[in-house]
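Below is one structure, written out as structure tokens; comments come after it.
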Amino acid sequence: MRYLQNTFAVFAIVCLATPAFAATIVKVTEGGEAGGPMTLTLDQSTIKAGEATFLVHNDAITEEHEVVLVKLKSADQQIVVDAAKGRVDEKKLKSMGEVSELKPGADGQLKAKLAPGSYVLLCNIKSHYEAGMHAMLTVTK
């Protein structure tokens, strides 16, 4: 009986001392003003599958931006922009969530559980995707 009590005590200590698996943090920075080049950068372009938190910062001075996380069918999937609207048709893509309209200097976050595969993060405010506001993300096992 004493052996079982000691074994349980050791097991309890190990469980308490082992940190829970934390979500991967990806820092996303958006920048650019109307009429100029626009950027969406990630601090890492490859992460492990599982929980991910995207910390988004709009570094622009006057322009609102957003981030939409999309799971692609393949790494070379083409993203079609509706020329009349200057936007991507999100209904034709598998959106995993978004951080909507961030004011200049504002921060937001998006949490998602990601399976292995290819993803794109993009700004879908009119003409922003075409101006360069997108970045690829690879999720591995």
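Can you tell which of Gly117, Gly97 is touching a residue at least 40 places away in the same chain (Cβ under 8 Å) and surrounded by 12 or more Cβ atoms within 10 Å (Cβ to Cβ)?
Gly117
Taking Gln109 and the conditions (1) surrounded by 15 or more Cβ atoms within 10 Å (Cβ to Cβ); (2) within 13 Å of the chain's Cα centre (by Cα); (3) not charged (D, E, K, R), which numbered condition does it fall short on, given that it satisfies the others?
That leaves (1) as the condition not met.
Can you name the condition, by its number, that Asn58 falls short on among (1) modelled with pLDDT under 95; (2) within 19 Å of the chain's Cα centre (by Cα)?
For Asn58, the exception is condition (1).
Consider Leu72 carefully, then state whether it is modelled with pLDDT of 95 or more, surrounded by 15 or more Cβ atoms within 10 Å (Cβ to Cβ) and within 14 Å of Asn124 (Cα to Cα).
no
What number of residues within the stretch 39-67 satisfy the criterion of being of a type in the set (A, V, I, L, M) and in a loop (DSSP other than H, G, I, E, B)?
Looking only at that region, the number is 3.
Report the residue count in the stretch 68-82 for those that are among the charged types (D, E, K, R), assigned to a loop (DSSP other than H, G, I, E, B) and touching a Gly at 6+ places or on another chain (Cβ under 9 Å).
1
The values are calculated or read from the model by the stated rules, or taken from the named source; none is laboratory data. Here the structure is a predicted model, which is why all the values come from computation and not from measurement. Ideal geometry is used to build each Cβ from the backbone, glycine not excepted, and the neighbour counts take in all protein chains shown.
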